[in-house]
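The values are calculated or read from the model by the stated rules, or taken from the named source; none is laboratory data. Since this is a predicted model, take the numbers as computed values, not measurements. As a convention, Cβ positions derive from the backbone with ideal geometry for all residues, glycine included, and neighbour counts pool all protein chains shown. Only protein heavy atoms, including side chains, enter the accessible area calculation; ligands, DNA and RNA are left aside. Shrake-Rupley method; radii C 1.70, N 1.55, O 1.52, S 1.80 Å.
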Amino acid sequence: MRSLISFFICIGVLPSLVMAESEQREPLPALDCVISPSKSIDLSSSSPGVLTEVLVKRGERVAKGQNIARLDDRVELASVKLAKARAAISSDLDGGLINLNYDRLSYERMNEVYLTHAASSQDKEQAERAVKLSTASVKQAKEQSQIRALELKRAKALLDQRVITSPIDGVVQRNLKYQGEYIDEDPVVRLVALDPLYIEAMVPIQYFGKLSLGYLADVYPEVDAQHARTARVIAIDPVGDVGSSAFGVQLEMDNPELKVPAGIKCDLKFTDASLNAEPMNN
């Protein structure tokens, strides 16, 4: 009787265990996705002015720190020259040191005379006062020299602001301003980073919790749908989209030779692997 009860329990329990295990192992479906740049920057200037030169064109690759455009910098150049001339002034410090050395010698002689009672205490105090004034004059000259050095540094920084440089390694997507135009807060060019690329996909909400950061997927770009490229999950939206009953997932895909363009569709298939500690291979 006991074995019969065990038999019926097994009949009822085993199918549920098999179903639960099959649900856990149910693979994620193939999904539509979109390939986008990992960065998109509308590059502008930190100071207003007239563009005298735009050094890049649409579709051109740029490196981090590369000059993109120049603004009229005649005033800033003049300010740098003036600041350099002021920073080179040393006559006030040289004169102060000469006076200080002389006043120190005078004080030493006066002190010797005072010890022989041939000079009054007032004469000694005047000589001591002269040394203190000369010391203060030298200190003031040194402080002025430091201030002029800071003024030169500031003038050079303002001059540097007249050159717009790229903050990333990327590609010029579009020229937005041209030579002769006045800019204030207006962007000059739009730069995009294409290595790595970001893959955006919407996953049905019933699969929420079955993905984690580091999961790998095969991506098939529409420009080369026969060859898969590996991408890694880098972000999972914690909030779903009510309209589509899905949640967003972002993946990162290496694109060192820029063979895959951004702004295109793709197909995506999650694999069973999660290689957080291993590099991606295309």
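Which one is farthest from the chain's Cα centre (by Cα) among residues in the range 212-243 that are modelled with pLDDT under 95, among the small types (Gly, Ala, Ser) and surrounded by fewer than 17 Cβ atoms within 10 Å (Cβ to Cβ)? It comes out as Gly243.
Total residues in the range 248-258 satisfying the condition of being surrounded by fewer than 20 Cβ atoms within 10 Å (Cβ to Cβ) and either among the β-branched types (Val, Ile, Thr) or part of a strand (DSSP E or B) (or both): the figure is 3.
Only a single item in (1) at pLDDT 95 or above; (2) among the aliphatic types (A, V, I, L, M); (3) farther than 17 Å from Gly59 by Cα is not met by Leu197, and it is number (3). Note on the range 130-153: among residues that are within 21 Å of Asn111 (Cα to Cα) and of a type in the set (Ser, Thr, Tyr), the one that is surrounded by the fewest Cβ atoms within 10 Å (Cβ to Cβ) is Thr135. Residues in the range 182-211 that are within 27 Å of the chain's Cα centre (by Cα), charged (D, E, K, R) and over 17 Å from Leu258 (Cα atoms): Asp184, Glu185, Asp186, Arg190, Glu200. Out of Lys142, Lys153, Lys132, one residue alone is in contact (Cβ under 8 Å) with a residue 40 or more places away in the chain, of a type in the set (Lys, Arg) and out of contact with any Phe, Trp or Tyr (no Cβ under 9 Å at 6 or more places or on another chain). It is Lys142. Give me the residue from the range 183-227 that is of a type in the set (Asp, Glu) and in a strand (DSSP E or B) and, out of that set, farthest from Ser244 (Cα to Cα). Ranking the qualifying residues of the range 183-227, first place goes to Asp195.
Every residue, every condition in (1) under 60 Å from the mean Cα position of the chain (by Cα); (2) open to solvent by 90 Å² or more (accessible area, probe 1.4 Å), yes or no:
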| site | (1), (2) |
| --- | --- |
| Ser79 | yes, no |
| Leu82 | yes, yes |
| Ala85 | yes, no |
| Ala88 | yes, no |
| Gly96 | yes, no |
| Arg104 | yes, yes |
| Asn111 | no, no |
| Tyr114 | no, no |
| Glu125 | no, yes |
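Number of residues in the range 99-146 that are among the aliphatic types (A, V, I, L, M) and within 22 Å of Ile89 (Cα to Cα) equals 5. Exactly one residue out of Leu43, Leu28 is hydrophobic (A, V, I, L, M, F, W, C), over 18 Å from Arg174 (Cα atoms) and in contact with a strand residue (DSSP E or B) (Cβ under 7 Å, 6 or more places away or on another chain), and it is Leu28. Scanning the range 259-282 for residues that are at pLDDT 85 or above and part of a loop (DSSP other than H, G, I, E, B), we see that the one that is surrounded by the fewest Cβ atoms within 10 Å (Cβ to Cβ) is Gly263. Is it true that Ser79 is touching a helix residue (DSSP H, G or I) at 6+ places or on another chain (Cβ under 7 Å), at pLDDT 95 or above and either under 30 Å from Lys156 (Cα atoms) or not in a strand (DSSP E or B) (or both)? Criteria met by Ser79.
Let's see how each residue does on (1) buried (at least 17 other Cβ atoms within 10 Å of the Cβ); (2) aromatic (Phe, Trp, Tyr); (3) closer than 30 Å to Asp103 by Cβ:
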residue: Gln161; (1), (2), (3): no, no, no
residue: Thr165; (1), (2), (3): no, no, no
residue: Val172; (1), (2), (3): yes, no, no
residue: Tyr182; (1), (2), (3): no, yes, no
residue: Tyr198; (1), (2), (3): yes, yes, no
residue: Met202; (1), (2), (3): yes, no, no
residue: Gln206; (1), (2), (3): no, no, no
